[in-house]
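Structure record follows, encoded as structure tokens.
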Amino acid sequence: MKRKLLRWGIALLALLVLITPGLFLLNHWMVSSAEGSIHVGTPNAQKTATPEVVAPISITTSYFTTMLPTGFTVRRQIETPSAVPFQLQLAANTGSKTDQQFSATIGTMPVGGLTSLGDYNVRVTDTSTYAAATLPGLPAGAIAFRTVSGPAGLAIFWPHGSHYAELGFSTEGGATPAALQATYAQVLSAWNWK
């Protein structure tokens, strides 16, 4: 029995002598800093920048066509002809340097006309934020509002037969009212109802 215990003790001691240096080496390898470099993907010398499109953008929908100035990108264009109250929702914006947004909503004209629209009524009643605006080239029957507090913004409500367009020109603060009005002028000068 003593011999058996002695054999087991020697075997255990031999095992510890063999495993301990291996554990130290493994620990050293895991915590030491790496040297060299890691290469992922294609080398920098082969990368080429894709040129940004800088031409005006043509917008064509089932309800109208128009042009957006250079620098805009359409982010969403959803048409749902059978849906009520909105048949089209379009959103576009520029990069952060010019910071402009354009939106167009085409909807079914409510029985009560523009005054039955919630967005229209907010602009009529919230005089601390919105005021009626007189804009050059405003189409007959269209009503415009501008923001009087906060970032610049324009909203145009434009009746057209059994539909209406709500056009928004806005910024988070980077664009001036004059820049928004220039965008408005370009969009409306190219606007054609279908």
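Return the sequence-ordered ³J(HN,Hα) values of segment 165-170 in whole Hz as given by the Karplus equation 6.51 cos²θ - 1.76 cosθ + 1.60 applied to θ = phi - 60°, using x for Gly and Pro.
10, 10, 10, x, 10, 9
Suppose the Debye formula is applied to equal point scatterers at every Cα of segment 101-179; what is log10 I(q)/I(0) at q = 0.13, 0.27 Å⁻¹?
With one equal scatterer per Cα and no solvent, log10 I(q)/I(0) is -0.38, -1.42.
Using a 1.4 angstrom probe, figure out how much accessible area segment 72-157 has per residue, in square angstrom, rounded to the nearest whole. Walk me through the intermediate numbers first.
Values: 4480 Å² over 86 residues.
Result: 52 Å² of accessible area for each residue.
If DNA, RNA and ligands are ignored and the probe is 1.4 Å, what is the ranking of 120, 130 by accessible area, most exposed first?
Of 120, 130, the descending order of accessible area is 130, 120.
Considering only protein heavy atoms and a probe of 1.4 Å, how much of the accessible area of segment 97-192 is carbon and sulfur, as a whole percent?
56 percent
I'd like the Karplus ³J(HN,Hα) series for segment 117-124: coefficients 6.51, -1.76, 1.60, θ = phi - 60°, whole numbers in Hz, and an x wherever there's a Gly or Pro.
So the J values, rounded to whole Hz, are 8, x, 4, 5, 5, 4, 6, 6.
Grab the Cα-Cα distance for residue 61 and residue 148, subtract it from 0.36 nm times how many residues apart they are, and report the gain in nm with one decimal. Kindly include the intermediate steps, with their values, before the conclusion.
On the way: separation 87, 0.36 × 87 = 31.32 nm, distance 3.17 nm.
Stretched out fully, the residue 61 to residue 148 stretch lengthens by 28.1 nm.
For a paramagnetic label modelled at 7 Å from the Cα of residue 128 toward its Cβ, which residues of segment 144-164 fall within the zone defined by backbone nitrogen distances under 19 Å?
In segment 144-164, the label zone of residue 128 (backbone N under 19 Å from the point 7 Å along Cα→Cβ) covers 146-153.
Residue by residue through segment 129-138, what is 3J(HN,Hα) from phi via Karplus (6.51 cos²θ - 1.76 cosθ + 1.60, θ = phi - 60°)? Round to whole Hz and write x for glycine and proline.
My calculation for segment 129-138 gives 10, 10, 9, 4, 10, 9, 10, x, x, 5 Hz in order.
The values are calculated or read from the model by the stated rules, or taken from the named source; none is laboratory data. Just so it is clear, the structure is predicted and the values come from calculations on it, not from any experiment. Note that we place each Cβ from the backbone using ideal geometry, even for glycine, and neighbour counts take in every protein chain shown. Remember, those area values only see protein heavy atoms, side chains included, never the ligands or the DNA or RNA. Shrake-Rupley method; radii C 1.70, N 1.55, O 1.52, S 1.80 Å.
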